[in-house]
């Protein structure tokens, strides 16, 4: 049987090498239109920052190695222009010679990935100092420009994770960095609680961050940029990190069903609607494990796992692809940001509103052991059942570990009622006796069982803002902060003695501070017959 793969990098080689290990008889061919068949694309920003010095070290496999080790035929700089599913034939163009040939297949795997897109900005295509980053060739071009032109400042358009990684690495090189994004936050789709902390870190590190701002036009071949707020920037280099589009042109020629945003729709066998044609990686629209709705799966880790699983299925092993959770992590200076499952942004976009969330800030390890830092952790769960829908965290240490554990919890269909029962490793240098995930579970259960009522500051009714009693339970010498001014300050340790200072004819909110003290204050007031609502801020 002849199996042809369109596309390399992550999914394609993962599929092909796994299939070869399972079956020595199949003929396996990979066509890749780029110059490299497999490389660590997620590491490219660190090459540009000088953290990784050797670009060749990011090339994971070569055509020669795949032939010698795996007996896989790899043709780079070859593009599949058309698919005839009735004849099971492909038209393949040699991009070096320009010649086209016809070849056959028994089964076809499309792993064509996605390409970076330029925003529809006048002058973007003619900016001589403007670049996108997706491939080894892109990275080499940017590095050559830096070496030859020695730019002292850079404009990064797009403050998503890729933009943030690039911004950090250019700052690491000593460049002045300006980040511009039309959204009102950085690090979308992280939620505001996490994004605000990331924003503060960017400012602390000296980045110029311009949010809710668009680029209107680019002039002088990229040397002048006009912004929507009426100001201008004069960048010596521009990086466009504004998104990607699926490489779906060849799929269209075969009548393969696409989603509204152009991705290939697959089932739980990773099959398309066309017989004997499969798809994996950035190009597919699969199913969310969390919601059961259609979702993209644009992570190289997902593409690798899909490729491995598809090889097993094509070789005859009965199994199914359960879908995509989404678990990512990013280094942002001395912070780590990570997520698993759905964010509030993603839930709202999917039309899901019946959920609750908790936000806790425990230490990453025992507070008495040197180096303990706060870990900012958010868990989102179904308001009726407590099923875990997702989580996010940011901090200096222990972040990725908790989100990895939460991803496992989502895979196992656990609820917040299960989180306190998670038996996680403890030793003072590594964790706390009650792990941050245990603590988040306790807080979530308190919400679910009405032990404590919480509300976000933005959701407080206007009538309450005007008439309610807002209590700050911090010590008087602690700095006041938050978006709502407190009516009165009574430290938690004095609440019982000063309980008569709290009115019983007005709604009571406890403001500003997250953690055990605010929760304890709510319970103290409840013991005196005074219901209080805890503001999440």
Rounded Å value of the spacing that divides the Cα centres of the stretch 360-419 and the stretch 254-331: 27
Working out 0.36 nm times the residue gap between residue 275 and residue 505, then minus their Cα-Cα distance, what length gain in nm do you get to one decimal? 75.8 nm
Pseudo-spin-label distance residue 126 to residue 69, built 7 Å along Cα→Cβ, given in nm, is 4.7
With both bridge residues required to lie in the chain, what share of the DSSP beta bridges run antiparallel, to the nearest 5%? 55
Across 20 Å bins from 0, what is the distribution of all Cα-Cα pair distances for the chain, in whole percents? 19, 47, 28, 6, 0
What distance in nm separates the simple spin-label points at residue 96 and residue 234, each placed 7 Å from Cα in the Cβ direction? 4.6
I'd like the projected area of the stretch 97-141, averaged over all directions, using the convex hull of its alpha carbons. Report it in nm² with one decimal. 5.8
Order of 265, 37 under a 10 Å beta carbon neighbour criterion, fewest first: 265, 37
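Most exposed first by the Cβ proxy, i.e. fewest other Cβ within 10 Å, how do 46, 31, 367 rank?
The most exposed by this proxy come first: 367, 46, 31.
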What shape does the stretch 453-536 have by the C-alpha gyration tensor, where a ≥ b ≥ c are the square roots of the eigenvalues, rounded means a/c under 1.5, and otherwise prolate means a/b greater than b/c and oblate the rest? rounded
Assertion target for 470, 39, 528, 368, ordered by fewest C-beta neighbours within 10 angstrom first, is 368, 528, 470, 39
Compute the Cα gyration tensor for the stretch 144-194, then decide on rounded, prolate or oblate, letting a ≥ b ≥ c be the square roots of its eigenvalues: rounded whenever a/c is under 1.5, prolate when a/b is larger than b/c in the other cases, and oblate in all that remain. prolate
Let me check I have the definition right: for the stretch 338-407, take the eigenvalues of the Cα gyration tensor, multiply each by 5, take square roots. What are those semi-axes in whole Å, largest first? 26, 11, 9
For the stretch 296-389, shape from the Cα gyration tensor axes a ≥ b ≥ c, cut at a/c of 1.5 then a/b versus b/c, turns out oblate
Give or take rounding to whole Å, what are the principal axis extents of the alpha carbon atoms in the stretch 130-242, in descending order? 41, 30, 24
Could you sort the peptides 190-197, 133-140 by per-residue average Cβ neighbour count (10 Å cutoff), highest mean leading? 190-197, 133-140
Could I get the Rg over Rh figure for the stretch 327-448? Both from C-alpha atoms, Rh via Kirkwood, rounded to two places. 0.96
Relative contact order for the chain, counting Cα pairs under 8 Å that sit 6 or more residues apart, in percent: 11
Place a point 7 Å from Cα of residue 192 in the direction of its Cβ. Which residues in the stretch 212-226 have their backbone N less than 15 Å from it? 212
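Just so you know, all these numbers are worked out from the coordinates, no wet-lab data involved. As the structure is a computational prediction, the values presented were derived from the model and not from experiment. Positions of Cβ are backbone-derived with ideal geometry, glycine not excepted, and every protein chain shown enters the neighbour counts.
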